[in-house]
Structures are given as C-alpha cells and as structure tokens.
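Provided herewith is a single structure, encoded as structure tokens, for subsequent inquiry.
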C-alpha cells in the first residue's frame, strides 16, 4: 500500500491526474450505479443518492445512518414546474422520513405540486445536484447528514465538495490530443478526425478538420453537440442531422473548416433524459417545457472545453457556423474571438416545425421560419 501511495503521489506531481478528480470520477460511477456517495466539507459529512435510483433498501439504510433530518434537493427548473413561479435557485424539501413515494412524486410526476415549505439549498445540496448533472441522471437528489463514526469502515466513495464544483473546469483545462487520423467522408474526402482525451465524465471529444483551413484567418467552426437520433438515424424531430451534414459539405466546398463534435446529448442532459423529454413531447409539451418538467433549464451545455480543443489545434479566431447566440457568447467567454457568424439551417417538416419555432421564440436562435419554407404552429 505504501508503494501504491508513492505512485499516486508521483502521478500528481507529474500532472497525470489529481486525487481530487479521480475521486469525482469514482463518485460519478457510484452515483450512476445507484449507490450513495459520501460528501465532505471539512468536518461536515453527508450521504447523497440519486432520487430516481433509490430503492427501499437504500432508503432504510440512509435513515439508519442519518444523524439529522434528510432532505430532497430539486433544481430551480423543477421547483418552477411544481409551482414556485420565477424561481432561479435550487431548493430543499425536508424529509421527516425517506418516503420514496413522496420523493418520486416531487421529482418526477407531471401533475405534482409543492406539498411543504421550500428551504434554501446548502453547499452539500448544491454539490450533490452538480454530481447528478455530471452523472447524467435527473437533477433530484436525496441528502442526509451523517456522523463520521457511523460510517467508519464502510466501503463508500468519498469526495470533497470543492472537487465536485471544480471538476468541469479542471477537465476542460486538462484535455489533450489522444490521436488523429484521416477519415474520408462522402461529401468531404479530405478530412481528419482528432480525438481529445479528457472531457466531462470520461467522455472523449472529437474535432473533425475538413480540408486545409487557413489558421491565420478566421476559421469556419461549428460546435455541434452529439444527437444520436438526428445525426445517425435521421430523426425528423430535430434539424441536427441536416446541420451536421450541411456543415461538412459547405466546409469541403469553401476551403475547409473545423466541426467540434461534443458529447453533450440532449442539450447536455444525456440520452436517457432526452428520451424522457421526447416522451413528454409526444404528449403535447414543447421541448423546453418537457426539459423543465424533468428539472433542466433551457440549456445545460458547456463550451469551455470546445475552446480548449480549438486552441490546441492552433485556432484563435473563428467564423461561428451556428444559429445559437449562446454558443457565440460562450466561446468568446472562453477566449476564442468570433469574427463573424453564419446561419446553418435544416429542413422543416411536420415533426420539427414546432421544435424550430420553440428554439427561435424561447432560446433566441436565429431561425427564419419563412425562409425555411415553414410556418410557426398556431
């Protein structure tokens, strides 16, 4: 064990990975598996568990270990859906008992309403919500205070609050090119894929370099978040696949560019939550209302690690190929100059016209429905 600790120490000195980030990665794995994680803030301890993955055995175990009253922590978006209008901060419901029926209602049910006063979230509560977001589960968590003596010897993954809160920034700063190779595409035979190791939650990221873009001039760049349904299967519910293919084709015909393909499915919510939102949309809710019911704000994506990727490729100034002004602001905030922007439009159809109108009206996307040949739904 002493030799292993020395190896770990040497790894940290060589910046091959910090103990704190390793603990967060282990905590993400535990959280996604439905096991509790120990949160530490100096001498204050709490156990946290995903509300959607809790079962009766875990609930009883948490009650036995608790040295105070447990709580259900919900995001501001979910609390607004429960009836706390205009709320922009997460909050807490006190749990006199860890009642899974009540927890499921407050965290998941469409017609649920506030059933008790909402208390402010503590630093433990906020860190637990961030762990849920990193784990791509619903942003609804159970948190119970515990005493150190009560968990001595228990096989729990422990993580500091500061490590969770700083994890995204650390991962963005530590991205490195893992490999690169030519991959000829149907509309762009001169194309190279560059894979970056790091990313949030151990998810690699990819930059697709089309042609030979001039790095001394503003480089055409699209930040494209992965969309399994649209990019791969040609879903009619969105315009993602059209935007992806049109971008690559345009770059090949116009002296090249870079498509940064980001593993941020479902506006950063993950594929399972995206499918939950799709199910709600099939019942008549629009894309943003569906996300809010699940506890998500308009957009959960982060683009700082996209800027890190571009910088490592030698890009400092871009022409942003996007309809989304938030992407432009985010990439500028991360240190990349945006010299100009250019729209990337997909084809409207009976299944996506409401989605396109929602992006325009609720998230400020630059989408001209008339130019697309479609019209907003009544």
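For residue 150, all conditions in the list (1) in contact (Cβ under 8 Å) with a residue 60 or more places away in the chain; (2) under 26 Å from residue 265 (Cα atoms); (3) assigned to a helix (DSSP H, G or I) hold save one; what is the number of the exception?
Residue 150 satisfies all of (1) in contact (Cβ under 8 Å) with a residue 60 or more places away in the chain; (2) under 26 Å from residue 265 (Cα atoms); (3) assigned to a helix (DSSP H, G or I) except (2).
Restricting to the stretch 45-58, count the residues that are more than 12 Å from residue 158 (Cα to Cα) and in contact (Cβ under 8 Å) with a residue 60 or more places away in the chain.
Of the residues in the stretch 45-58, 6 are more than 12 Å from residue 158 (Cα to Cα) and in contact (Cβ under 8 Å) with a residue 60 or more places away in the chain.
If you don't mind, another one. Given 39, 22, which one is without any contact (Cβ under 8 Å) to a residue 12 or more places away in the chain and farther than 20 Å from residue 108 by Cα? Explain how you work it out, then say what you get.
Details: 39 fails: without any contact (Cβ under 8 Å) to a residue 12 or more places away in the chain.
Exactly one residue qualifies, and that residue is 22.
Kindly state which helices (runs of 4 or more DSSP H) lie completely within the stretch 167-273 and contain at least 3 residues that are at pLDDT 95 or above. First the steps, then the outcome.
On the way: elements: 167-174, 240-253, 265-268.
In the stretch 167-273, the matching helices (runs of 4 or more DSSP H) lie at 240-253.
Residues that are farther than 21 Å from residue 52 by Cβ, under 17 Å from the mean Cα position of the chain (by Cα) and either assigned by TED's automatic domain parsing to the domain that holds residue 86 or buried (at least 17 other Cβ atoms within 10 Å of the Cβ) (or both): does the stretch 246-260 have at least one? Even if it seems obvious, please write down each step before you answer.
From the stretch 246-260, those farther than 21 Å from residue 52 by Cβ are 246-260; that's our starting set.
Now restrict to residues that are under 17 Å from the mean Cα position of the chain (by Cα): 260.
Still in the list and also either assigned by TED's automatic domain parsing to the domain that holds residue 86 or buried (at least 17 other Cβ atoms within 10 Å of the Cβ) (or both): 260.
Yes, the stretch 246-260 contains at least one residue that is farther than 21 Å from residue 52 by Cβ, under 17 Å from the mean Cα position of the chain (by Cα) and either assigned by TED's automatic domain parsing to the domain that holds residue 86 or buried (at least 17 other Cβ atoms within 10 Å of the Cβ) (or both).
Return the only residue of 100, 138, 95, 108 being under 12 Å from residue 51 (Cβ atoms), in contact with a strand residue (DSSP E or B) (Cβ under 6 Å, 6 or more places away or on another chain) and assigned by TED's automatic domain parsing to the domain that holds residue 57. So that I can check it myself, show each step before the final result.
Values: 100 fails: in contact with a strand residue (DSSP E or B) (Cβ under 6 Å, 6 or more places away or on another chain); 138 fails: in contact with a strand residue (DSSP E or B) (Cβ under 6 Å, 6 or more places away or on another chain); 108 fails: in contact with a strand residue (DSSP E or B) (Cβ under 6 Å, 6 or more places away or on another chain).
After applying the criteria, what remains is 95.
Still on this structure, please answer the following. What's the number of the only condition in (1) in a loop (DSSP other than H, G, I, E, B); (2) more than 30 Å from residue 134 (Cα to Cα); (3) modelled with pLDDT of 85 or more that residue 339 fails to meet?
Of the numbered conditions (1) in a loop (DSSP other than H, G, I, E, B); (2) more than 30 Å from residue 134 (Cα to Cα); (3) modelled with pLDDT of 85 or more, the odd one out for residue 339 is (1).
Can I ask one more? Give the stretch 267-315 a look and list any residue that's surrounded by 21 or more Cβ atoms within 10 Å (Cβ to Cβ), more than 17 Å from the chain's Cα centre (by Cα) and without any contact (Cβ under 8 Å) to a residue 40 or more places away in the chain, or say none.
none
Scan (1) outside any helix (DSSP H, G or I); (2) surrounded by fewer than 16 Cβ atoms within 10 Å (Cβ to Cβ) for the single condition residue 332 breaks and write down its number.
The single condition residue 332 does not satisfy is (1).
The values are calculated or read from the model by the stated rules, or taken from the named source; none is laboratory data. None of these values were measured; they are calculated from a predicted model. As a convention, Cβ positions derive from the backbone with ideal geometry for all residues, glycine included, and neighbour counts pool all protein chains shown.
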